[in-house]
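I have placed the structure first, in the form of structure tokens, so that the comments after it can refer back to it.
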Amino acid sequence: MEGKEPKKEQKRHQQKHSGPKAERKKSRKQLGTPAGDDERKRNPKAFAVQSAVRMAKTFHRAQDLKAKKHHIPLVDRTPLEPPPIVVVVVGPPKVGKSTLIRCLIKNFTRQKLGDICGPVTIVSGKKRRLTFIECSNDINTMIDLAKVADLVLMLIDASFGFEMETFEFLNICQVHGFPRIMGVLTHLDSFRNNKALRKTKKRLKHRFWTEVYQGAKLFYLSGMVYGEYQTQEVKNLGRFISVMKFRPLVWQQSHPYVVADRMEDLTDPEMVRVDPKCDRTVSLYGYLRGTYLKNKGQVHIPGVGDFAVADISFLPDPCALPEAQKKRALNEKERLLYAPMAGVGGVVYDKDAVYIDLPGGHVNQEQEEVRPTTELVQSLIGTHTTLDAKMAASKVSLFTGAAALTPGEVEEEENGLTSGPQESRVWDPETQRERRKAVFTEEEDDDEDDSEGSSDEEGDEEGESEEEDEGGNKREEGEEETVLKKEAKDKTEPKEKQGMKTVPPVKRQKMEERKAEKEPVVEVPAFADSEDELEMSEEEEGEGGKGESEGEESDSEGEEDEEDSAVEKSDLKPIDSGHCSEEEDASDSIEDDCETNVSGKESKKSNATSKMEEEDEEMEGGELCYESAGALRWKEGLQQKASEAFLRQQRAAPNLRKLVYGTVAEDDGNGEEDEEELGGLFRVSRPEKGKKHRADGVDCSRFDPDAAHNWDLEEMLDSIRDCFVTGKWEDDQDAATLLKEDEELYGDFEDLETGEVHKGKAGKQKDQAKEESDDDEEEEEEKLMKVDDETQKNKRLEKKRRLKERFDTEYDDGDATYFDDLKEEMQKQAELNRAEFEDVDDETRVQYEGFRPGMYVRLEIPSLPCEFVTNFDPHYPIILGALGASEGNVGYLQMRLKKHRWHNRILKTRDPLILSLGWRRFQTIPLYHIEDHNGRHRLLKYTPQHMHCGATIWGPITPQGTGFLAVQSVAGTKTSFRIAATGVVLDLDKSVTIVKKLKLIGYPYKIYKNTSFIKGMFNTVLEVAKFEGASIRTVSGVRGQIKKALSTPAGAYRATFEDRLLMSDIVFLRSWYPVSVPQLYNPVTSLLMPAGQKDSWSGMRTVGQLKHDLGVRNKPNTDSLYKPVVRAQRHFNKLHIPRQLQKALPFKSKPKQDQPKGKTPKDLQRPAVIREPHERKVAALLNALSTVHNYKSKKAHMAQHAKHKDFLRQRDKAEEDKLKRQKEAKKKLYRMMGQKEKKSQRSSLKGAPQED
């Protein structure tokens, strides 16, 4: 191989771009005819049907494959802004759930999260958000999360194999509507042998396919790097999650529900102080999912109970989707992360309060210097008085003119990380705990070729690996640049500054900077949109101060402040919402140090305008979580504020700015700050005001304008068009519009007393005429632009239409099927649903249709038990499932139930069972029954082994067809497989009567031929009258009927039978007795248990458990014990046959009257013969001679037999030879005859000879 020369690369085919062939292709493309049609026309025979059978088979197979892909089309009810997809990460303990969630969050948001605590919501793309929830090993949590999950990531420890928790969760999902499930194999780096790894992968994959479906996706996380999974593998997993489609589940689509990501206690503190055990009023927050939710309804909180909702309101989305823009990826500000229970999310808006979370403020971590913003909020939270006292003392106003507000309760961050199989308990020495391994009896066939396994593995792994994002490369380049800049800076700076650089840069506020410069300042400190935008390191502050002192002095103090703030803002890059980790903060500040090292003030100002434009664009695209909530209150009274601003402009002295830009920058700046900043903490983003600031930033009356912009471009002209008088102004800011309103208000009026009509000034009419002429010119220009836009749009639509027609002709059958019509009908219905309330604002829509899915809602629930708040643990999910009209009632339910094939014990009637039905988990007492052929529901003592049976319970009314599962206990993991039974609700009617068999026993006391008198079965004549005509039986099988009651003894009756009874017979009556269903409904209140004991809820115990716990032993029934049967010997009378019958019998059957023979008399007995010695010798000799003779005759006979056998063999051989000769002779004869016949045929074909 090595000696051979490398193969020359073949010359690539170059397609023709000119000539007749290329022209034909072009024309075909324009006409839209597919490529295959031309060949069919040219050579139709090549495409003709070769075999009708084969064609039919191909057609049938294609139709089968097509039909298999069809699902019943459902109306698409997903809102335009759908709620985040719930991704539940499931697996046994220590399998890597928290690590995987952390890696996925880091992949999507570039942020690190410490403790996974409660739901974590992130923005994963332009149209998709994800909520990650970690599922613990508690069966209650597994049941609750299976009901709300859209996607399940099932983690499996490959080094250990499948554990019972995996199969339990799969069975729970099967009952409550199967969500999408993806398997993830971890701990693959523990395999040292590649062959063993391949075999394990293959075995686990096929077992996973058996449980889920053939071809279910199984990801492999090959190993850990610095405590995290490999970036490329996590990225591939994230891509799959981002593009996955979901089939709507029936229960979720018909019931609204909220997965609460935040909980606040609204109870009056005074009430709690007086009575700590009083019921609490709690507000729960989360995204509404499922369907529309009406206010004042009833909800069920699994683990707590049923409650009425006092009030529902929708809040601004804390993790909003970015605005619709044509871009490939999200910018840093749009990579949002919202996890209030994990201490992430910054500012949280409530209905009437704003809560500020301190990242790292209450965790035991050493911090060198507290940042100014954190210092401010810590001073607010430091007090230990009541809420009213706090509000009075803090004196912090987040909004202008609003009451003072305080931060919410800050939750403590916790530092901890958080066919049937046989169970084998295995002690794991690494994790120091006992694990429940699922061992299957049938061993998988591991002797298959390794080549198959390797090919599978390569297909799975190589298919997933893709190129890394451009963002990763950019980050690497950025890091290299910062390192180079830092080295260059270190060389130029003096040694003292290098010494200071070793300390991590501590960020200070602008207020402190000005105090250092000893300038008199009266203003409130300006706060930017996020913490990082205002923070500068010490070196930046020093340089900034020098630059300002060396630069030109400005005319007024207010203008200088304005320019400085603009410069400082623009120098800092807009980062995410400020919740990144400390390492990232440090790296960002280092980059900022490097970038801001620019000489001169003019270069700073030139950067300012460009960066402010970028910031404004970003803010328009995706605002921060908390800005939208503030905007609602800010917008109150906009008209009044606009009129005041207009009057101020009128009063102010005319200057250059007013003439060019139409706005006045006031010298004091206090009014501007009050309007723009909310209490000195946040700034509400206003696009129109942002444009004015941008215009003010470049003021040609102050310094040389920035020549970096190309003003010939149409885009640049459009960006400043609205700054001039001729631009398009908004109604509440346009002077002409405001004057017109004044004219309407004060212009024309009629004096009612005198009847005189006063009219406005005539000069205004001339102005209006001028304005109309200007407007006409603008309208003409706009019309021309619109015409051009319409032509472009029509061209694009025409192109799209042609492409769609080509696609349809290629892939559609032409004639629409019933399925297509159904899909089209559903599509129309979905469009109709969307269009109905499309133009209505949210407040009005909520009144008509309820709160729609996707809204972030706040539910206020009164009368919650105090344990819900005091024992609250964010690691356990809180789900609010809305109940239907009748689902709050309790009644009888008929179900079909089957014991789970992996549960090792059958279930007993009247043993309490914990059911998961609908949203609820509750304990009840079921009665098992089976329906006989005549429609009777017969009570069963135990469930059948491998068969369905009926079950009737007393429980909450749930719609028919709802699946349920049953467990015997939710406390711990005592049993091998915890799911005891599964089933479905059949009926909600209590008319079904369950009956049990009752045998009544009686004894005959008088017998008259076939009539008997029976006693002991009944007690009164009335009871007998009730059962007259009933069929009875004896143990021996004689059937009878009850006829009439007897007067004495009481309860006795006369009965007739098929045959005469004996006094020893026992008579019994089979009857059916109705059984009542016990009315027990005991909700599982696991969330009210103390922290750490939430998985130890125990309700009513079974009779067996009670006897075991109390040490009670059953005394057995003596009649039920097995003992040896001792039967007495029965003596039967002699058979007596009458004489007449004897005469008629044949002789053979006649009884013989023979007397038994006695002993033979002695005289008739023969005497014994005693031989003489001579006679004995003669007898012996004769005996010997006879023996010799017999032997000789036998030997001769054998010789004769052998001779005869030899003769027969020879005769057979001769016969065979004879037959062989005859056969050969026959063959020879037939051959000659055949040749003769052939010859005669040949001559007959040739015809007769000429001479004949």
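Being at pLDDT 80 or above, part of a loop (DSSP other than H, G, I, E, B), under 30 Å from Cys319 (Cβ atoms) and not polar (S, T, N, Q) narrows it down to one of Val49, Val75, Val89, Val95, so name that one. Please lay out each step first, then the result.
Numbers: Val49 fails: under 30 Å from Cys319 (Cβ atoms); Val75 fails: at pLDDT 80 or above; Val89 fails: part of a loop (DSSP other than H, G, I, E, B).
After ruling out the rest, the residue left standing is Val95.
Contact map, the range 163-190: first residue within 23 Å of Glu430 (Cβ to Cβ), second residue assigned to a helix (DSSP H, G or I) and modelled with pLDDT of 90 or more, Cβ cut-off under 6 Å, separation 6 or more or different chains; pairs are Gly183/Phe208.
I need a count of the residues in the range 53-72 that are part of a helix (DSSP H, G or I) and open to solvent by 70 Å² or more (accessible area, probe 1.4 Å). Working first, answer last.
Going residue by residue through the range 53-72, those that are part of a helix (DSSP H, G or I) are 53-68.
Those still in the list that are open to solvent by 70 Å² or more (accessible area, probe 1.4 Å) too: 53-55, 57-61, 63-66, 68.
The qualifying residues number 13.
If you go through the range 1074-1099 one residue at a time, how many are more than 30 Å from the chain's Cα centre (by Cα) and of a type in the set (A, V, I, L, M, F, W, C)? Selection size over the range 1074-1099: 3. Selection of the range 885-901 for residues being touching a strand residue (DSSP E or B) at 6+ places or on another chain (Cβ under 9 Å) and either part of a strand (DSSP E or B) or surrounded by fewer than 16 Cβ atoms within 10 Å (Cβ to Cβ) (or both) yields Gly888, Asn889, Val890, Gly891, Tyr892, Leu893, Gln894, Met895, Arg896, Leu897, Lys898, Lys899. Among the residues of the range 98-117, those that are at pLDDT 90 or above, closer than 21 Å to Pro877 by Cα and of a type outside the set (Val, Ile, Thr) comprise Ser98, Leu100, Arg102, Leu104.
The single condition from (1) more than 23 Å from Leu130 (Cα to Cα); (2) open to solvent by less than 30 Å² (accessible area, probe 1.4 Å); (3) at pLDDT 65 or above that Pro318 fails is (1). For the range 989-1045, what are the residues that are within 14 Å of Leu1062 (Cβ to Cβ) and exposed (fewer than 13 other Cβ atoms within 10 Å of the Cβ)? Correct list: Tyr1008, Lys1009, Val1035, Ser1036, Gly1037.
Is at least one residue of the range 230-238 assigned to a loop (DSSP other than H, G, I, E, B), surrounded by 14 or more Cβ atoms within 10 Å (Cβ to Cβ) and in the same structural domain as Val123 (by the TED database)?
The initial filter retains those residues of the range 230-238 that are assigned to a loop (DSSP other than H, G, I, E, B), namely 230.
Checking which are surrounded by 14 or more Cβ atoms within 10 Å (Cβ to Cβ) leaves us with 230.
Of the ones still in play, those that are also in the same structural domain as Val123 (by the TED database) are 230.
Yes: one or more hits.
Do you know which residues across the range 1064-1086 are of a type in the set (S, T, N, Q), over 30 Å from Val1035 (Cα atoms) and in contact with a Lys or Arg (Cβ under 8 Å, 6 or more places away or on another chain)? Before you say what the answer is, go through the steps one by one.
Within the range 1064-1086, the first condition is being of a type in the set (S, T, N, Q), and the residues that meet it are 1064, 1071, 1076, 1079, 1082, 1085-1086.
Restricting the remaining residues to those that are over 30 Å from Val1035 (Cα atoms) gives 1076, 1079, 1082, 1085-1086.
The answer is Ser1086, and nothing else.
State all residues of the range 1098-1119 that are among the β-branched types (Val, Ile, Thr) and either part of a loop (DSSP other than H, G, I, E, B) or exposed (fewer than 13 other Cβ atoms within 10 Å of the Cβ) (or both); if no residue qualifies, say none.
Within the range 1098-1119, the first condition is being among the β-branched types (Val, Ile, Thr), and the residues that meet it are 1102-1103, 1112, 1118.
Hits for the range 1098-1119 are Thr1102, Val1112, Thr1118.
Note on the range 852-884: among residues that are part of a strand (DSSP E or B) and hydroxyl-bearing (Ser, Thr, Tyr), the one that is nearest to Ser1076 (Cα to Cα) is Ser863. State whether the residues of the range 86-100 include one that is surrounded by 24 or more Cβ atoms within 10 Å (Cβ to Cβ) and hydroxyl-bearing (Ser, Thr, Tyr). The answer is no, given that none of the residues of the range 86-100 is surrounded by 24 or more Cβ atoms within 10 Å (Cβ to Cβ) and hydroxyl-bearing (Ser, Thr, Tyr). Scanning the range 931-959 for residues that are among the hydrophobic types (A, V, I, L, M, F, W, C) and either closer than 15 Å to Lys908 by Cα or in a loop (DSSP other than H, G, I, E, B) (or both) yields Leu939, Leu940, Met947, Cys949, Ala951, Ile953, Ile957. For the range 240-269, the set of residues classified as in a helix (DSSP H, G or I) and farther than 21 Å from Lys205 by Cα consists of Ser242, Val243, Val250, Trp251, Gln252, Gln253, Ser254, Pro269, listed by residue number.
Determine, yes or no, whether Asp1095 is acidic (Asp, Glu) and surrounded by fewer than 10 Cβ atoms within 10 Å (Cβ to Cβ). No.
Is the range 10-19 home to any residue that is part of a helix (DSSP H, G or I), farther than 30 Å from Asn137 by Cα and modelled with pLDDT of 85 or more? No: zero hits.
The values are calculated or read from the model by the stated rules, or taken from the named source; none is laboratory data. Keep in mind that this is a model prediction, so the values were computed, not measured. Quick reminder, even Gly has a Cβ in these numbers, built from the backbone with ideal geometry, and neighbours come from all protein chains shown. With ligands, DNA and RNA removed, areas are computed over all heavy atoms of the protein, side chains included. Shrake-Rupley method; radii C 1.70, N 1.55, O 1.52, S 1.80 Å.
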